[in-house]
Amino acid sequence: MLESSVKVLKEGLMEKRSDGLLQLWKKKRCFLTEEGLLLHPPKQHDQQQHQNRHQITASEPGKIKELLFSNMKTVDCVERKGKYVYFTVVMAEGKEIDFRCPQEEGWNAEITLQMVQYKNRQAILAVKSTRQKQQHLIVAHGHNIIKNSLA
């Protein structure tokens, strides 16, 4: 997903629960795209502020965490507590990544909506591909019938 530039649909700060023993909340600069969610350390984003707000470039791919919709299973809203909404992104391999953000930001809904749109696009492409293969088989089979009848 990290091409030279990616169209950003939503940008802002969220907090991600760390994987460590203490499970601290760490701020991340997040970019929602048509392909998934990019997580940057906030410092890295500050260095990129001079770039176009609707595009980001992959300057340091090792520091950017990608959560691709192709690898996401679900987005579960866990609870709304105080000013935060807590939610979990469940990846296809079973890994769970916890986030929190202010309720008015609506990250969980935006991520869910984009994931559903991504999955729908993939399903449409799969149906089109299957239909093209079927059409090709029908045409090839039709040519064989005509060729055999002429022989």
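Of the peptides 116-122, 18-24, 66-72, 30-36, the ranking by mean beta-carbon count within 10 Å, highest at the top, reads 30-36, 66-72, 116-122, 18-24. Spin-label model, residue 65/residue 9: points 7 Å from Cα along the beta carbon direction are separated by 2.1 nm.
The length gained by stretching the chain between residue 22 and residue 139 to full extension, at 0.36 nm per residue less their Cα-Cα distance, is 35.9 nm.
Each of 138, 125, 103 was placed along the dipole of the range 61-144 (beta-carbon charges, centred on the mean Cα), and the one lying farthest toward the positive end is 138. Charged neighbours of residue 117, selected by a Cβ distance under 14 Å, balance to +1 (K, R count +1; D, E count -1). Separation of the alpha carbons by more than 20 angstrom is noted, of 10/128; 16/81; 28/65; 16/83; 16/43; 43/65, for 10/128. Model label sites at residue 117 and residue 43, defined 7 Å from Cα along the beta-carbon direction, differ in position by 3.4 nm.
Going highest first, how would you order 88-98, 127-137 by mean Cβ packing within 10 Å? Working shown, then result.
Numbers: 88-98: 13.5, 127-137: 10.0.
In decreasing order of mean packing, 88-98, 127-137 become 88-98, 127-137.
Values in this text are rule-based calculations from the coordinates and carry no lab data. Please read these numbers as outputs of a predicted model, since none were measured by experiment. Neighbour counts are summed over all protein chains in view; Cβ atoms, including those assigned to glycine, are modelled from backbone coordinates with ideal geometry.
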